[in-house]
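One structure is given below, encoded as structure tokens.
The values are calculated or read from the model by the stated rules, or taken from the named source; none is laboratory data. Just so it is clear, the model here is predicted, and its values are computed rather than measured. Every residue, glycine as well, gets a Cβ built from its backbone with ideal geometry; the counts of neighbours run over all protein chains shown.
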Amino acid sequence: MNNAIGVLTSLFALVAFGAVLPVVPTGAAVSAAAALAFHQHSLMVVLVVAAGAAGAYLGDAVTYVACRYGGEKLARRLRWLRNGQRLDGLAARLRERQVSVLLVSRLVPGGRIPVLLTIALTGLGWRRFALANAPACGLWSVVYAGFGVLGGSIFPEPWQGVLVAVVIVLAISQIVALVRRRTGD
């Protein structure tokens with residue numbers, strides 16, 4: 001049990017850190033943890049989802065606060081935004097559909113930081129952000145844990161499921177990045 005608490009705490013910390021500084025493949029971490037949890041006990045998968053969602057939520061909150069007070073200049077310095085990336089169109093969509101934009105941004109690799117920055121710069125209040133971001137973080141964690149459970153259920157050995165889950169997540173991320181580069185988004 002202590003080992004499980006340590007793993008969940010580490011997952012929470014890793015996802016929170018990766019949500020602030022997106023150099024950590026947080027989706028792959030949740031998928032790998034879910035694949036391992038699948039072979040231990042089904043309740044562990046639920047705890048992996050909760051730890052992943054909580055870590056994502058904390059990381060998003062820190063990022064929101066940093067964007068709110070540091071603005072676009074800080075976002076560019078930390079390389080949260082690519083050179084020339086525009087936030088105008090995103091701001092208009094965000095005013096219309098805050099929750100759905102947050103949901104989609106959490107699921108699309110590279111989409112979250114511009115949305116969080118836009119939310120912070122357009123003056124969306126903390127309370128509204130906090131309420132809209134909770135389902136986005138929960139859905140994100142469920143989706144990536146689902147990849148892990150899928151990988152874990154296909155293969156008899158936990159390491160095989162982890163490997164497949166990580167490969168799936170990294171492949172999806174690379175495909176999305178390639179499509180974004182080709183379309184200029």
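Summed over the stretch 22-53, the residues that are part of a loop (DSSP other than H, G, I, E, B) and under 11 Å from the mean Cα position of the chain (by Cα) give a count of 3.
Look at the stretch 10-32: where a residue is under 22 Å from Val149 (Cα atoms) and a partner is among the hydroxyl-bearing types (Ser, Thr, Tyr), sitting 6+ places away or on another chain with Cβ atoms under 6 Å, you get Val15/Thr26; Gly18/Thr26; Gly27/Tyr144; Val30/Ser141; Val30/Tyr144; Ser31/Tyr144. Taking the stretch 148-174 as the range and being surrounded by 14 or more Cβ atoms within 10 Å (Cβ to Cβ), under 12 Å from Phe38 (Cβ atoms) and in contact (Cβ under 8 Å) with a residue 12 or more places away in the chain as the test, the residues that pass are Gly148, Val149, Leu150, Gly151, Gly152, Pro158, Gly161, Val162, Val164, Ala165. Against the numbered list (1) surrounded by fewer than 20 Cβ atoms within 10 Å (Cβ to Cβ); (2) in contact with a helix residue (DSSP H, G or I) (Cβ under 7 Å, 6 or more places away or on another chain); (3) free of Cβ contacts under 8 Å to residues at least 60 places away in the same chain, Pro109 comes up short only at (3). Only one of the listed residues (Leu178, Leu117, Leu131) is in a helix (DSSP H, G or I), modelled with pLDDT under 75 and over 19 Å from Val49 (Cβ atoms). That residue is Leu178.
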